[in-house]
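Participant: Structure below; questions to follow.
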Amino acid sequence: MKPSVRIGLAVLPLVVLAALLGVFASQMGRSTSFVPSALIDKPVPQFDLASVEGHTQPGFATADLAGNGVVVVNVFASWCVPCRAEHPFLMELADEPVEIFGLNYDDPAENARAFLAELGNPYDRIRAGRDRRVGIEWGVYGVPETFVVDNEGIIRFKHVGPLDQESYENVLLPAITAAQNPA
């Protein structure tokens, strides 16, 4: 093997490592809660599923997300530890003049009912997504995720991961305000 080829093969891993470090460095400081969604500024997907079995609140469908003001749709599950962490912020949001619809994701009804009985119920409507189909159509990567839907039934915002004090005050509430007051 020629010396120039051997040197090239020896340097190649360093070049690849430098390129990877450059990619990782360029991503530092970026918000991990921002995941681009193909559904932003698009109508909510078509769906109509029942409420959580044995729960008194109604389910919801596509038609319920238009013409009734801004709606926050929160995807949650009883088995989701971050969902428990964000729940106090949803309870606080329940005091705001906005409806909150819950999408219980891949969760047995009895577990969902126990979760809400233990932590409180911030939702105006809850529906069950046991088959994951609706979650997939909404572009759900995992739980929790929170969407803001405007009065026209258009998805205006998506937050991936649990809400915390900063994201609740500085991201979600402004997104709700923006959806309530379109430019």
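Participant: Would you check which residues across region 61-92 are more than 13 Å from the chain's Cα centre (by Cα), polar (S, T, N, Q) and not in a loop (DSSP other than H, G, I, E, B) and list them?
Facilitator: Listed by number, the list holds a single entry, T62.
Participant: Taking I100 as the residue in question, decide whether it is without any contact (Cβ under 8 Å) to a residue 60 or more places away in the chain, of a type outside the set (G, A, S) and surrounded by 15 or more Cβ atoms within 10 Å (Cβ to Cβ). Steps first, please.
Facilitator: Values: without any contact (Cβ under 8 Å) to a residue 60 or more places away in the chain: yes; of a type outside the set (G, A, S): yes; surrounded by 15 or more Cβ atoms within 10 Å (Cβ to Cβ): yes.
Taking the combined requirement at face value, the residue satisfies it.
Participant: Here's something else I'd like to know. Please find, within region 110-145, the residue that is surrounded by the fewest Cβ atoms within 10 Å (Cβ to Cβ) out of those that are in contact with an Asp or Glu (Cβ under 8 Å, 6 or more places away or on another chain) and assigned to a strand (DSSP E or B).
Facilitator: Across region 110-145, the extreme among qualifying residues is R125.
Participant: Any chance region 75-82 includes a residue that's more than 22 Å from G139 (Cα to Cα) and either surrounded by fewer than 16 Cβ atoms within 10 Å (Cβ to Cβ) or without any contact (Cβ under 8 Å) to a residue 24 or more places away in the chain (or both)? Explain how you work it out, then say what you get.
Facilitator: First pass over region 75-82, keeping only residues more than 22 Å from G139 (Cα to Cα): none.
No: zero hits.
Participant: In addition: For region 137-155, enumerate the residues that are under 8 Å from the mean Cα position of the chain (by Cα) and of a type outside the set (S, T, Y).
Facilitator: V140, G142, V143, P144, E145, F147
Participant: With D107, D95 as the choices, which residue is in a loop (DSSP other than H, G, I, E, B), in the same structural domain as L65 (by TED's automatic domain parsing), more than 22 Å from D48 (Cβ to Cβ) and free of Cβ contacts under 8 Å to residues at least 40 places away in the same chain?
Facilitator: Values: D107 fails: more than 22 Å from D48 (Cβ to Cβ).
Within the list D107, D95, the selection yields D95.
Let's see how each residue does on (1) surrounded by 14 or more Cβ atoms within 10 Å (Cβ to Cβ); (2) of a type in the set (A, V, I, L, M); (3) at pLDDT below 90:
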| position | (1), (2), (3) |
| --- | --- |
| P36 | no, no, yes |
| P43 | yes, no, no |
| F47 | yes, no, yes |
| V52 | yes, yes, yes |
| G59 | yes, no, yes |
| A66 | yes, yes, no |
| V73 | yes, yes, no |
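Participant: Filter region 47-59 down to the residues that are without any contact (Cβ under 8 Å) to a residue 60 or more places away in the chain and over 17 Å from A114 (Cα atoms) and list them by number. Give the steps one after another, and end with the answer.
Facilitator: Within region 47-59, the subset without any contact (Cβ under 8 Å) to a residue 60 or more places away in the chain is 48, 54, 56.
Correct list: D48 only.
Participant: Turning to a different aspect of this structure: In the same structural domain as E169 (by TED's automatic domain parsing), without any contact (Cβ under 8 Å) to a residue 12 or more places away in the chain and β-branched (V, I, T): does that describe T62?
Facilitator: On the way: in the same structural domain as E169 (by TED's automatic domain parsing): yes; without any contact (Cβ under 8 Å) to a residue 12 or more places away in the chain: no; β-branched (V, I, T): yes.
Criteria not met by T62.
Participant: Tell me the residue from P174, P162 that is at pLDDT 95 or above and either of a type in the set (A, V, I, L, M) or in a loop (DSSP other than H, G, I, E, B) (or both), please. Explain how you work it out, then say what you get.
Facilitator: Working: P174 fails: either of a type in the set (A, V, I, L, M) or in a loop (DSSP other than H, G, I, E, B) (or both).
Just a single option satisfies the conditions, and that option is P162.
Participant: With the checklist (1) of a type in the set (D, E); (2) at pLDDT 95 or above; (3) under 22 Å from G69 (Cα atoms) in hand, flag the one item E86 doesn't pass.
Facilitator: So E86 meets the others, but not (3).
The values are calculated or read from the model by the stated rules, or taken from the named source; none is laboratory data. In this text the structure is predicted, and so the values were computed from the model without any measurement. Cβ sites come from the backbone with ideal geometry, for glycine too, and all protein chains shown count toward neighbours.
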